[in-house]
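I have placed the structure first, in the form of structure tokens, so that the comments after it can refer back to it.
The values are calculated or read from the model by the stated rules, or taken from the named source; none is laboratory data. These figures come from a predicted structure and were not determined experimentally. Backbone-built Cβ (ideal geometry, glycine too); neighbour counts: all protein chains shown.
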Amino acid sequence: MRVRFVPAGSLRGLEARTAFRDGFAEAVTPDGRLVARAPGRPSLLALLRRLGVRPIAGRAPRTKAAVAAGSPFGVKVWRACLDIPRGRTATYGSLARKLGCGSARAIGGALAANPLAGLIPCHRVVAADGPGGFAWGGARKRRWLRKEARGAA
């Protein structure tokens, strides 16, 4: 599914229904826009609060599109993640150099704000000396990377 990027704050005030699909908690607007995706409901609800999206009752509709709201720098980093092939990784430092930002830590901060777990493959960015951090836990990151390396993802 293609991801459309919009400026931070663009989703504020929207309502979304939540569902658990394909191992992820998702928030989908009544018109079918996937606006948040996280490995669990508590992290999804925290993400919705950060985005300013209000969860509402009812069954989530079929997803028609994916929308990620973020800062210009965050969107730049997320787009770069989409260029990392499945089964491959890039380091925080190499991504920082590629984007001309000079700070691996800034790359990590942008990745931590990724609203669409799995669709924007931030787990493919690793530390120079190992897997590095991951908003949903190092064990999950290592598991996803192993699955992709085997071609199972």
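Observations
- Residue match in the range 15-33 (condition: within 15 Å of Gly70 (Cα to Cα), modelled with pLDDT of 95 or more and charged (D, E, K, R)): no
- The set of residues from the range 39-76 being over 15 Å from Ala135 (Cα atoms), of a type in the set (Lys, Arg) and within 15 Å of the chain's Cα centre (by Cα) comprises just one member, Lys76.
- Within the range 2-43, the set of residues being on the phi > 0 side of the Ramachandran plot and in contact with a Ser or Thr (Cβ under 9 Å, 6 or more places away or on another chain) comprises just one member, Gly32.
Each row is one residue, and each column tells you yes or no for (1) crowded, with 16+ Cβ neighbours inside 10 Å; (2) in contact (Cβ under 8 Å) with a residue 24 or more places away in the chain.
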| site | (1), (2) |
| --- | --- |
| Leu82 | no, yes |
| Pro85 | no, no |
| Ala117 | yes, yes |
| His123 | yes, no |
| Ala127 | no, yes |
| Gly130 | no, no |
| Ala139 | no, no |
| Leu145 | yes, yes |
| Glu148 | yes, yes |
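- Selected residue (criterion: surrounded by the fewest Cβ atoms within 10 Å (Cβ to Cβ)) from residues of the range 90-115 that are more than 28 Å from Ala27 (Cβ to Cβ) and among the hydroxyl-bearing types (Ser, Thr, Tyr): Ser103
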